[in-house]
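Student: I'd like to ask you about the structure that follows.
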Amino acid sequence: MPEHAEALAELVAHNRAHLRANLPAVLQLDACGEARAYLQAAVARAASGEVLEWHVFSGTALCGSIRLKDIDTADRNARIGYYLGQQFQGRGIASAAVRAVLAHAFGAQQLHRIELQCAAGNHASMALAGRLGFAHEGVLRQAECLNGVFVDLHVYGLLQADFRPD
């Protein structure tokens, strides 16, 4: 994955305004050196089983990333996060990619529950959660500080028994 550093830096640089709204931490990856260091660390986290991360492509263009984090093998659950460049949204790419990662999580990883959290204003992620069968489980009030403002997080959960891979 470190071989994607240049493409990742370019994707982030071209989507600064879009990413700033919900994922400002990703903005640090807008230079090749920072992107390469992040990806090298991602390989180490994957080797330890702490975080699993995949890059999403449309043809040969890197268009985003998906990761399983906070993987708890004892309780068989994890959280999922993702982003796509704005120019790739609205094509079903995120739905297909997240569905594929969920199939892996519930299959090979043998997880029982996946949680998705998104800021109250992130309507695209809320809609994606609904399309993929996640149940809205509640709201964590002012649980995340985005760009200096505390925002509510919507929490969605999907159980292995409720997952539909099609």
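Student: Per DSSP H run of n ≥ 4, the term is -39500 (n - 2.57); total these for the chain, divide by its residue number, and report the mean residue ellipticity at 222 nm rounded to 500 deg cm²/dmol.
Tutor: It comes out at -10500 deg cm²/dmol, rounded to the nearest 500.
Student: Would you mind working out the magnitude of the charge dipole of the chain relative to its Cα centre, with +1 at each Lys and Arg C-beta and -1 at each Asp and Glu C-beta, to the nearest 20 Debye?
Tutor: That gives a dipole near 260 debye.
Student: Sticking with this structure for a sec: Can you tell me which of Ser125, Ser58, Ser95 moves the most in a GNM of the chain? Springs connect C-alpha atoms under 10 Å apart.
Tutor: Sorting by GNM fluctuation, first place goes to Ser58.
Student: A further question follows. Could you rank the peptides 24-37, 134-147 by their average count of other C-beta atoms within 10 Å per residue, with the highest value first?
Tutor: 24-37, 134-147
Student: Just to verify a number: FRET efficiency for His14 and Asn147, C-beta to C-beta distance, R0 = 25 Å, to 0.05?
Tutor: Working from the Cβ atoms, E equals 0.80.
Student: Now a separate question. Give me Asp166, Asp152, Asp72 sorted ascending by neighbouring Cβ count inside 10 Å, so fewest comes first.
Tutor: Least to most surrounded, the residues fall as Asp166, Asp72, Asp152.
Each value in this text was obtained by applying a stated rule to the coordinates, not by laboratory testing. As the structure is a prediction and not an experimental result, all values here were calculated from the model. Note: ideal-geometry Cβ built from the backbone for every residue, glycine included; neighbour counts use all protein chains shown.
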